[in-house]
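The values are calculated or read from the model by the stated rules, or taken from the named source; none is laboratory data. Source: prediction; values computed, not measured. Cβ placement follows ideal geometry from the backbone for every residue including glycine, while neighbour counts extend to all protein chains displayed. Quick note on the areas: whole protein, heavy atoms, side chains included, nothing else; ligands and nucleic acids left out. Shrake-Rupley method; radii C 1.70, N 1.55, O 1.52, S 1.80 Å.
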Amino acid sequence: MRTELQAEALWRRLTWMTAALALAAVVLCFVAAFLLARSLMRPISLLTEGTEAISRGDLDHRIAFDGRDELGALARRFNEMATHQQDQRDRLLNAKAELEQQVAARTAELAAANQRLTELDRLRVQFLADISHELRTPLTALRGEAEIPLRHGSKPEAVYRDALERIVTQSLEMGRLVDDLVFLSRSETDTIRFEPRRTDLVTIVADAVHEGEILGRAKGISIKAAYSTRPVWITADAQRLKQALVIILDNAIKYSPHDRSVNLSMTVMDGHAEIAIRDKGLGIPAEEIPKVFERFYRGRSPRASRQLGSGLGLAIAKWLIEKHRGEIALTSEVGSFTEVVVRLAHADATASADANAGAAVVVLKNRLRAKTGSE
């Protein structure tokens, strides 16, 4: 009996101990589960916030979790992905900005080109009207001059001679106009041949002045030119460069009063030669100076508009000078003067400097007369 009581008491103790241990195990499981849930919820919450931020486009968002477990590795991979996506977005934005800039630049270029084409079309229409007028005038004059001697029977020889001289003058003017048109057309297609070679600029200028003297005789205009006679060597197409200088001289003569002079001077310094051609004619208003080298442009003043010409001369001269890698500029004062300056590089700066320092300045009239007499 006593033994049974002891066994029953032992059983009860074991039961209570088992229940206590089970309760403790349950409590430990709850505590462990709580701690595990807590350790999992924070990184999962951070990952959830990160995905929501990325979905909103906030690529700057980063997960602030640096665990050493799988969730820490996942957070680091997530941040690397966000950095990669941010880099791609930045590159796309930069490419978009560059593309927008290029589109804006091309749009501006197209607008400028369209404006130039519009202006060229306006100038073309104006040019055709001017050319029609310029051709009609000498043609009418030619017809009139030819008809006068034919009226009312025979005329004295002097009448025929006078009519023929006027016909020749009008024919020459028409020929010059046609030559300018042909030259302009060839320059636009770049079919004009240049033969640059080492040549003396002094000789080119002297020949241009000689032709200027011939052009000025009808108006009693002389060319007063002064410069050193020592050679100034340049690389140029002598014929084309002389053509540009003759155009400038002819323009100066055209707008000068009768029995005046046109001055030409040349100076050499710092590896460049400057040729200045100055007249004492009508002058050009300041607002028209930027347009004088434009093709087809003619002065708008009544006196200037009465002068013969198509407005192509200075544009052709500028094109020829720039083909020689030179510069051309114009200054003027209304009622006082107009001066065109041509600047060209020369090959022998030392010799030219010596020429400026030691050579006497000469008046080309005497040189031209001597040249004419020797011929």
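Take the Cβ-Cβ distance between ARG166 and ASP121 as r, set R0 to 35 Å, and report the resulting FRET efficiency rounded to the nearest 0.05. So the FRET efficiency works out to roughly 0.40.
Taking all protein chains as shown and a probe of 1.4 angstrom, PHE30 keeps an accessible surface of around 140 Å².
Using Cα positions and a limit of under 23 Å, work out the lysines in reach of LYS96, with same-chain residues fewer than 8 apart set aside. By straight Cα distance, LYS96 reaches no lysines at all.
Taking all protein chains together and rolling a 1.4 Å probe, LYS224 ends up with roughly 110 Å² accessible.
Among the listed pairs LYS280/LYS318; LYS155/LYS219; LYS155/LYS254; LYS224/LYS318; LYS280/LYS323, a Cα-Cα separation exceeding 25 Å is found for LYS155/LYS219; LYS155/LYS254; LYS280/LYS323. Report note on the peptides 15-24, 203-212: ranked by the mean count of other C-beta atoms within 10 Å, highest first, their order is 203-212, 15-24. Of the residues SER171, SER187, ranked by 1.4 Å probe accessible area with the largest first, the sequence reads SER171, SER187.
For a Förster distance of 22 Å, can you work out the FRET efficiency between the beta-carbons of CYS29 and ASP69, rounded to the nearest 0.05?
0.55
Applying 0.36 nm per residue to the separation of LEU110 and ARG198 and subtracting their alpha-carbon distance, the gain on full extension is 27.5 nm. Projecting label points 7 angstrom from Cα along Cα→Cβ for VAL159 and LEU93 puts them 9.3 nm apart.
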